[in-house]
Amino acid sequence: MKKLISIFLALSVSVICLSSCGYEYADIEFEGTYTKELAGTQLNVYNWGEYISDGSDESIDVNKEFEKLTGIKVNYSTYESNETMYSQLKSGGVSYDIIIPSDYMIERLKKEDMLTKFDTSSLSNFKYIDNKYKGLFFDTNNEYSVTFNVGMVGVIYNPTIIGEPEHSWKALWDEKYKNMSLNFSNPRDGFMTAQMILGYSLNSTDKTEWDKALELLKQGKGVLQSYVMDEIYGKMETGEAGIGPYYAGDYLTMNEVNPDLKFYYPSEGTNIFVDSVCIPKCVKNLEAAKLYINFLMEPEIALANAEYIGYASPNTSVVNNPDYCYYKNEILYPDDNNIVKTEYYHDINQDIRSYYENLWIDLKLY
């Protein structure tokens, strides 16, 4: 699973293995310039779980390689949602040097002056970030973030159980799949499935539209087996469920376990998201943070992360590498003949956010 395969241009990587002595370092030629001037200092990184190549499955251990290269100790911790990360930062009781939030959360953090500006153009590897992932709505001047991963939401299904469904969000409401259908257990993604059917913006500020989306979700609740997040892995891989929505990169992981699984992007459109590397206001080791961001954009490091995580990469050195295990993968990188209609989530004002969160509670109690 997710194995490194070969070499990009002038970079060379030795065979990596796990032994009884633990991780063995890779032999990598880095393009950036790294010194040990900050050796002995510490870097506090806060990231999603299972969201960095960690030395398992014959992958590169990214944090250990950074430590070896710079002498900087990486203290690495994880969170399960943007909101958890936000609450930790907002409490002021913790200090991080690197965070990797999603687009709408970066927008919120920026509005609330919780991010540190840095000169992305001074990072030698910033050239590898595809221009379509620069200057996005939450960071138009590329002052606060560097894109790390790109994803879209689609529908996973098992045709051996349910046959071939309509390639629409409506399939989650189809009575034919009663007790075999799943939906998201978080409000933003859950409402998205209904908003797409109704033709509403995912960033609507019209409360009546959220009300109508709620009614549609209530209509579909009787069909559902359950609301899920990562529980979908076990349910879809074992055939306990037949159809459910999730993130494209995670489908590829499930498909490795159960090759019967298939995937589609609904005809109505879907959510696209980016997760980007940022430096929070509470940073204690700014120079080390910038070194780490440049390091993450190194071609072989970016390749290791892209293959381990399974999401689309914004890094052109990865995308254009024919040895990349997901090279030209039609799920991660749809061609021009299969353009997917997409919409980003934006940071919605607190009034609307509270409104739909309360509606979600009503749905769960319904």
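Points to keep in mind about this one:
- Complete set of residues in region 317-357 that are among the hydroxyl-bearing types (Ser, Thr, Tyr) and either in contact with a strand residue (DSSP E or B) (Cβ under 7 Å, 6 or more places away or on another chain) or farther than 23 Å from residue 101 by Cβ (or both): 317, 324, 326, 327, 333, 342, 344, 345
- Failed condition for residue 289, given (1) within 30 Å of residue 118 (Cβ to Cβ); (2) of a type in the set (A, V, I, L, M); (3) part of a helix (DSSP H, G or I); (4) touching a helix residue (DSSP H, G or I) at 6+ places or on another chain (Cβ under 9 Å): (4)
- Qualifying residue in region 51-68 (condition: in a strand (DSSP E or B) and within 23 Å of residue 253 (Cβ to Cβ)): yes
- Cβ-Cβ distances below 7 Å connect the following pairs, each with a first residue in region 136-148 that is surrounded by 14 or more Cβ atoms within 10 Å (Cβ to Cβ), a second residue that is in a loop (DSSP other than H, G, I, E, B), and a separation of six or more residues or different chains: 142/134; 142/135; 143/117; 144/117; 145/139; 146/297; 147/314; 148/100.
- Residue check for residue 161: part of a helix (DSSP H, G or I) and either surrounded by 15 or more Cβ atoms within 10 Å (Cβ to Cβ) or out of contact with any Ser or Thr (no Cβ under 8 Å at 6 or more places or on another chain) (or both): yes
- Note on region 59-81: residues that are surrounded by fewer than 22 Cβ atoms within 10 Å (Cβ to Cβ) and either of a type in the set (Asp, Glu) or more than 24 Å from residue 24 (Cα to Cα) (or both) amount to 4.
- Selection within region 278-303 - among the aliphatic types (A, V, I, L, M) and within 19 Å of the chain's Cα centre (by Cα): 279, 293, 296, 297, 301, 302, 303
- Any hit, region 322-334, residues being closer than 27 Å to residue 114 by Cα and in a loop (DSSP other than H, G, I, E, B): no
- Of all residues in region 113-129 being over 23 Å from the mean Cα position of the chain (by Cα) and in a helix (DSSP H, G or I), the one that is nearest to residue 294 (Cα to Cα): 124
- Unmet requirement for residue 145, which otherwise passes all of (1) more than 19 Å from residue 286 (Cα to Cα); (2) within 21 Å of the chain's Cα centre (by Cα): (1)
- Across region 73-103, the number of residues qualifying as of a type in the set (S, T, N, Q) and in a strand (DSSP E or B) comes to 4.
- Residue ID - surrounded by the most Cβ atoms within 10 Å (Cβ to Cβ), chosen from residues in region 82-109 that are of a type in the set (D, E, K, R) and within 19 Å of the chain's Cα centre (by Cα): 103
- Members of region 232-282 found to be out of contact with any Lys or Arg (no Cβ under 9 Å at 6 or more places or on another chain), among the polar types (S, T, N, Q) and either surrounded by 23 or more Cβ atoms within 10 Å (Cβ to Cβ) or assigned to a strand (DSSP E or B) (or both), listed by number: 276
Rule-based calculations on the coordinates, nothing more; no lab input. All values reported here derive from a predicted model rather than from experimental measurement. A quick note on method: Cβ atoms are made from the backbone with ideal geometry, for glycine too, and the neighbour counts reach across all protein chains shown.
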